[in-house]
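> The structure that follows is given in the form of structure tokens.
Read-outs: derived from the displayed coordinates by stated rules, not from any lab. Computed from a predicted model, the values in this text were never measured in an experiment. In this analysis, Cβ positions are derived from the backbone assuming ideal geometry, glycine residues included, and neighbour counts consider all displayed protein chains.
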Amino acid sequence: MANSLIFFLFPLALLISISTSIPNPNKPSSNSLTAHSVLTSHGFPIGLLPTDVLSYDLNHTSGHFSVNLGYPCRLTLPPDNYLATYSKKITGKIVENRIAELNGIRVRAFFQWWGITGIKINGDDLVFEVGMVTAKYPAKNFDESPQCEGKKRSSS
């Protein structure tokens, strides 16, 4: 009888141990990172993403990510006040000082919309890639996350 009781209790204890170590998606972890903190951990300023991020996924091995805004976002980028649009889902690959394979961010310049395909850090500057063309801006211009235009601000 004692052997059958141990045989029953051991799997039960193991199941309880495993279930308490699985993170609850409805309860944020104290050590969970935000999409903005992932940017800073790779050397980028938080202002590359708007404040309106709902969720994100990051493959820590490959660096592939997706950011969910929940709705398309329109905003003005510093320093030259370029109009930019963010799709409701932004994808790419992030590694130290480089974002590649970027999809979902477009900027209006020279009377035309251009898709930003990559962003690199070059000293104190960010280099935005639009296909084979690049544009360099001081990273300090992106120290604050912009809010999507046309959205009501919460009063909290």
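> Would you please report the Å³ per residue occupied by the convex hull of the alpha carbon atoms in the range 53-156?
Values: hull volume 12.3 nm³, N = 104.
Once divided by residue count, the hull of the range 53-156 is 118 Å³.
> With contacts defined as alpha carbon pairs under 8 Å and 6 or more residues apart, what's the relative contact order of the range 36-142 in percent?
Rounded, it is 19 percent for the range 36-142.
> Rounded to the nearest 0.05, what FRET efficiency do Ser66 and Asp124 have when you use their Cβ-Cβ distance and R0 = 35 Å?
Rounded to the nearest 0.05, the efficiency is 0.75.
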